[in-house]
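J.: Structure provided below as structure tokens; questions to follow.
Throughout, read-outs are computed from the coordinates displayed, never taken from laboratory work. Note that this is a predicted model, so its numbers are computed, not measured. Cβ placement follows ideal geometry from the backbone for every residue including glycine, while neighbour counts extend to all protein chains displayed.
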Amino acid sequence: MKKALKIVMIPMSVLILLAASIIFMLSNGIIWFNNPSQSSYPVRGVDVSHYQNEIDWKTLASQDIDFAFIKATEGSGTVDECFEYNWSEAMKSGIYTGAYHFFSYDSSGVTQAENYINTVPVTENMLPPVIDVEFYGDKFSNPPSREEVDNILNDMIEKLEEHYGMTPIIYATEKSYAMFISGGYEDNPIWIRNVIQPPSFPEDDDREWTFWQYSNKGRLKGYSGDEKFIDMNVFNGSMENFKTFFNLV
């Protein structure tokens with residue numbers, strides 16, 4: 001009986017060790033849940049903020065990075081402390097560059113757009129503005145209504161489109177997309193987040209994503225700061241598709 005117990009315990013200990021190793025590797029970005037192939041998604045990019053500090057963009061660009069979205073603003077009054085440096089240096093590096101805004105449910109769409117416009121210069125060959133619509137703070141448990149979000153978001157989109165001459169991209173988690181975006185905003189390219197598996201939309205929503213944030217555990221050279229990881233993204237198409245879609249040269 002004791003011998004049989006030992007035989008059972010040895011495989012169990014191996015399984016526990018294996019599970020612990022996998023958890024360690026996932027939490028430290030050594031392996032990812034998602035790893036879309038280069039052949040299927042050749043256009044790769046990152047999104048960054050002050051958490052990655054001031055970035056060495058030449059080093060970052062040398063690691064098969066084609067595009068970057070840099071956090072510019074949040075709500076009606078916050079500007080990312082590293083935006084000006086990262087925007088300027090990213091543009092010099094040859095990476096296709098855009099800027100994103102963290103959307104507030106508690107602030108006017110007009111004043112949020114003004115915050116972005118006052119921060120992000122109109123720049124040749126820039127990617128369209130991005131509005132990051134996700135949950136934060138008490139909005140996870142007490143989200144606003146679709147009507148409330150539509151009123152703010154539509155005002156912001158209209159003002160940004162008028163200023164930059166480009167249709168803003170909407171970034172969303174699958175949950176925020178289902179609650180606030182699905183069934184509307186048909187003209188806005190969608191950047192969807194799913195770091196566990198390939199993204200999916202509600203059953204009655206047949207649109208395709210334009211960008212997919214597939215990992216929040218990327219590890220690249222060229223940045224430092226409070227965050228050791230970097231968000232990884234792909235474009236849904238070839239480089240030729242990418243340039244045509246956004247009128248880039």
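J.: How far, in nm, would the chain grow between ASN35 and LYS243 when pulled straight, counting 0.36 nm per residue and subtracting the alpha carbon separation?
T.: 72.5 nm
J.: Suppose we keep just the DSSP beta bridges with both residues in the chain; what percent of those would be antiparallel, to 5?
T.: Among the beta bridges of the chain, antiparallel pairing accounts for roughly 30 percent.
J.: Still on this structure, I have one more. Report ³J(HN,Hα) in whole Hz for each residue of the stretch 36-49, in order, from the Karplus equation J = 6.51 cos²θ - 1.76 cosθ + 1.60 where θ = phi - 60°; Gly and Pro get x.
T.: x, 5, 5, 5, 7, 10, x, 9, 10, x, 10, 10, 9, 8
J.: Right, here's the next one. Report the equivalent ellipsoid semi-axes for the chain in whole Å, largest first, defined as the square roots of five times the eigenvalues of the gyration tensor built from alpha carbon atoms.
T.: Rounded to whole Å, the semi-axes are 35, 23, 18.
J.: List the trypsin sites (Lys or Arg not before Pro) within the stretch 142-196 that fall in a DSSP loop (any state other than H, G, I, E or B) and whose Cβ has at most 16 other Cβ atoms within 10 Å.
T.: none
J.: Let's test the formula: R0 of 35 Å, r as the Cβ-Cβ distance of VAL110 and THR59. What FRET efficiency results, to the nearest 0.05?
T.: Calculated value: 0.35.
J.: Further question on the same structure: Of the options ILE95, ILE169, PHE229, report the single residue whose Cα projects farthest towards the positive end of the charge dipole of the chain (beta-carbon charges: Lys, Arg +1; Asp, Glu -1).
T.: About the Cα centre, the residue reaching furthest to the positive side is PHE229.
J.: I've got another one for you. Could I have the simple spin-label model distance between ASP206 and SER145, label points 7 Å from Cα toward Cβ, reported in nm to one decimal?
T.: Label-label distance for ASP206 and SER145, simple model: 3.1 nm.
J.: Which is the longest run of the chain containing none of the GluC sites (Glu not before Pro) found in DSSP loop states (not H, G, I, E, B) with at most 10 other C-beta atoms within 10 Å?
T.: 1-123
J.: Among residues other than ILE169 whose Cβ falls under 12 Å from its Cβ, what is the net charge (Lys/Arg +1, Asp/Glu -1)?
T.: With Lys, Arg at +1 and Asp, Glu at -1, the neighbours total -4.
J.: Any idea how far apart HIS163 and ASN125 come out in nm if each label point goes 7 Å out from Cα toward Cβ?
T.: The two pseudo-label positions are separated by 2.4 nm.
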